[in-house]
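Notes follow once the structure below has been shown.
Taken together, the values in this text are just the output of simple stated rules run on the coordinates, not laboratory data. Model, not experiment: these values are computed from the prediction. Note: ideal-geometry Cβ built from the backbone for every residue, glycine included; neighbour counts use all protein chains shown.
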């Protein structure tokens, strides 16, 4: 019981997978079903809520409209027919050998630095060097950001090296809430999975990003 | 004795009427008269004042320039000939049956929500429903914001329903100072009058907005 | 021992001269030499440092690259050949009779006010009037900002009057750190020199700006 949201970008490069269990809500009363929602439209009324306001989602089964209620406000929005939404890709089972768990800020710092010199960023790990490296190579300048045992909360050391689009990675990292601990699973020329808890553990977020082929 | 400012927008849709009595000033020494001032130019030196700074307005009768003094700064600006300024429309006596007094923030919340779905906003009251409604109807989505006895400070219940341009309403609401209690007088397809005190009661502001005809 | 930076704008209107003695650094180990650096590129990694972070500059003599290290980050940037950088003009010895020492905020206030009416700003002093004036003359409006004994920290009264480009002056004043006391030396149709300490007195900054000829 709960809400599950899956969103894929048009180019199939990134996919978000959000799970919120019923316990994440003040009250939850729903039968299983699938609705299609325009995320930008949904954000509009939710953004009007003040800190501490409860937000109510209610599906009007007659009009097939989603009613979002915040304080005195009722916002009625048309749903999208789920059949018209491009279905998400089936994911192959991935075996991602390397894993590192860090604070969002460290990840952000590395990605921000990489963005200064290039438009792709490398995630690297070599088992003998006990370090997770975020690096980037520009035409004349280069960036090397090292996270080691002092900074990570957990690690599975393994040979791993993948390159990612900075445009995508920046957007992902920017929207991880402050104070969040993120686990990065990755391999060699494999997608990366960034996972973290939300809602005091009543929800989880997985953000996948396909690699770029290193030339 | 005091200062009165009247400003009308070029399309004659909105009019502001500000009265500041002499008691609103630290010192006041003037004979009656009318001057024309470019409001944007006047804002320039005033915006340089820090919180708590006194601002002095002085009309140099020789040069016909307005001198604005703030801290060590003297700003001399040319006045406009009042005869060249489009004169304000004469207002018909309006009988606006409905009235509700609310905090600016509630009004702002409703107008902001309406802006998400449409470009006009409705103010509605029906005497039997004890509620003041701000609503908006878009092509597929709609907003309904309700203010009731829990949220208003005073009310005169009456049948009233008018539609306004959101572009104008947003600008009006945005410039009402935080913490201000606003009285909204309105009727059915009649202008709305938003009034509030400024300067600890030594001044008052009335902001009128013409209705849009509901189709 | 230390670092000296000289930068001149392409039009030769303004020159900055920064001196940081070795004592300004946590540790300093260098032999004399000159390197060319793209200032915008250098700012990139430095801007990633948090308050309190140490920044390390290291010249890799083999690759001729400058390595900037901040926290876990290593940023490698190509240096410019100093021979290819336009050399700074030799400065004539200037005798600037007037001098006034003020808080940056006062200077900023005056320059900001001048910017409201004109695109050049006058610095004026007349010995009998005990005042330093920042003024500006627009087509219809004018600004006069007065700093006197109440506001300055030191003064050398002398006849002096020069006009400067506001575009340049704004950029200079905007980048003086808050809380800084600035000494302005100027004369009549002579450059102005704005000087102040940085790094708790272990460094000093001199910013020169050529005058505009008053018409």
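Values as computed for the structure displayed
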| quantity | calculated |
| --- | --- |
| Listed residues B:129, B:189, B:153, most fluctuating in chain B (Gaussian network, C-alpha, under 10 Å) | B:129 |
| Backbone N under 15 Å from the residue B:130 label point (7 Å along Cα→Cβ), restricted to region B:157-175 | B:157-158 |
| Tail fraction, Cα-Cα pairs, region C:12-91, threshold 22 Å, whole percent | 32 percent |
| Gap separating the Cα centres of region A:141-192 and region B:145-215, nearest whole Å | 52 Å |
| Extension gain, residue C:29 back to residue C:154 (0.36 nm per residue minus Cα-Cα distance, nm) | 41.2 nm |
| Whole-number D in µm²/s for chain C (Stokes-Einstein; Kirkwood sum over Cα pairs; 20 °C, 1.002 mPa s) | 112 µm²/s |
| Calculated FRET value between residue C:206 and residue C:86, using beta carbons and R₀ = 25 Å, to 0.05 | 0.85 |
| Cα gyration tensor shape of the protein assembly as shown, rounded if a/c is under 1.5, else prolate or oblate by comparing a/b with b/c | oblate |
| Protection proxy ranking, peptides B:76-84, B:55-63, average beta carbon neighbours within 10 Å, highest first | B:76-84, B:55-63 |
| Per-pair calculated FRET efficiency, R0 = 51 Å: residue B:6 and residue A:198 via Cβ, rounded to 0.05 | 0.45 |
| Label-point separation, residue B:18 to residue B:54 (7 Å along Cα→Cβ), nm | 2.0 nm |
| Calculated log₁₀ intensity ratio I(q)/I(0) where the Debye formula runs over C-alpha points of region B:151-191, q = 0.13, 0.16, 0.17, 0.31 Å⁻¹ | -0.35, -0.53, -0.60, -1.13 |
| For residue C:126, label point 7 Å along C-beta direction: distances to other copies, nm | 7.5, 7.5 |
| Inter-chain shielding of B:136-144 (mean C-beta neighbours from other protein chains, 10 Å cut-off) | 5 |
| Inter-label distance for residue B:175 and residue C:167, nm, one decimal - labels placed 7 Å from Cα along Cα-to-Cβ | 3.2 nm |
| Rounded to whole Å, sorted largest first: equivalent-ellipsoid semi-axes of region C:98-209, Cα gyration tensor | 21, 16, 13 |
